[in-house]
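Here's the structure we're looking at; comments come further down.
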Amino acid sequence: MSKSPDPTRDELFAEPLAQPELFTFSESVAGVFPDMINRSVPGYATVVAMTGVLAAQHARPDSIIYDLGCSWGASLLSAARKIDYPSCQLIGIDNSEAMLKRARLNFQEQLSDQRVLLQASDIMDIQLENASVVILNYTLQFVPIKHRETLLRRIRNAMQPGDVLILSEKLTLPDPQLNDYLIELHHNFKRQQGYSDLEIAQKRQALEDVLIPETRHQHVERLHQVGFSRCDIWFQCLNFASLIAIA
Ligand code: GEK
């Protein structure tokens, strides 16, 4: 008897695509997203779990915790579970309606929390205010490079000294050989997670020009430029890192 396909498993790039298209956060991507990100981003589960711990350490009563590009809301959920203050508000934002629909269902199933608000918006358009914690987990890499400084400056301006930004990104390395080496290690990681060479190659092509990674140095320099006083990497697995920036 043949096994029926698992609708939650990411097989979007398993068959040869006649017409390669740019990657978007469509209904089909949203449907398999947790499987996709867990099998594609080394260290993802650790970053999500630690996001809750870091957020709880820095959340102030009466302040807002933002999760920008929240997808299914995994990072916001982790924060909501760890932050005790009833007067905090937790806002998740994503411009993919398909993702936001999943985030709503996810919270319905996992945690009923009156403090949580999920909003369909472009993170470039929203007004940020009174933020004690801003979470940008694997989202800035999809924002065009020329808009990144503006967004980070607005985040910093919504904070008080001591508040934090958690910024997780795919990195590129300045040494081309080392960069190629880490990309190969990442592809090996994906093979071990069950992705075929065809899936890895087609996904890579779809993300080309959509996900633009920068170096650790570029991130750190820009975070200082927009007014964060201290920042560095607190976690890295292969070419995926998470930075903490303190206002
Ligand atoms: C997690 N943080 O699970 N405005 C709003 N949303 C955006 C924008 C934008 N300009 N650009 C991209 N997105 C999540 C994972 S996924 C990372 C984040 C990945 C949204 C997009 O719709 C998607 O849901 C998310 O950012 C990026 O911790 O797919 O590698």
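Overview of values
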item	result
Whichever residue in the range 200-226 is in contact (Cβ under 8 Å) with a residue 12 or more places away in the chain and not in a helix (DSSP H, G or I) and, among such residues, is surrounded by the fewest Cβ atoms within 10 Å (Cβ to Cβ)	Asp209
The range 64-90 residues that are on the phi > 0 side of the Ramachandran plot and among the polar types (S, T, N, Q), paired with ones that are in a loop (DSSP other than H, G, I, E, B) and near the ligand (Cβ under 8 Å from one of its atoms) (beta carbon under 9 Å, 6 or more apart)	Ser71/Phe25; Ser71/Ser96; Ser71/Tyr138; Ser71/Thr139
Pick from the range 111-128, criterion over 25 Å from Leu140 (Cβ atoms) and surrounded by fewer than 13 Cβ atoms within 10 Å (Cβ to Cβ), ranking: farthest from the ligand (Cβ to nearest atom)	Gln114
Residue check, Ile64 of a type in the set (Val, Ile, Thr), crowded, with 19+ Cβ neighbours inside 10 Å and more than 11 Å from the ligand (Cβ to nearest atom)	yes
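Where a number appears in this text, it was derived from the coordinates with a stated rule and is not lab data. All of these numbers come straight from a predicted model, not from anything done at the bench. Reconstructed Cβ throughout: ideal geometry from the backbone, glycine too, with neighbour counts over all protein chains shown.
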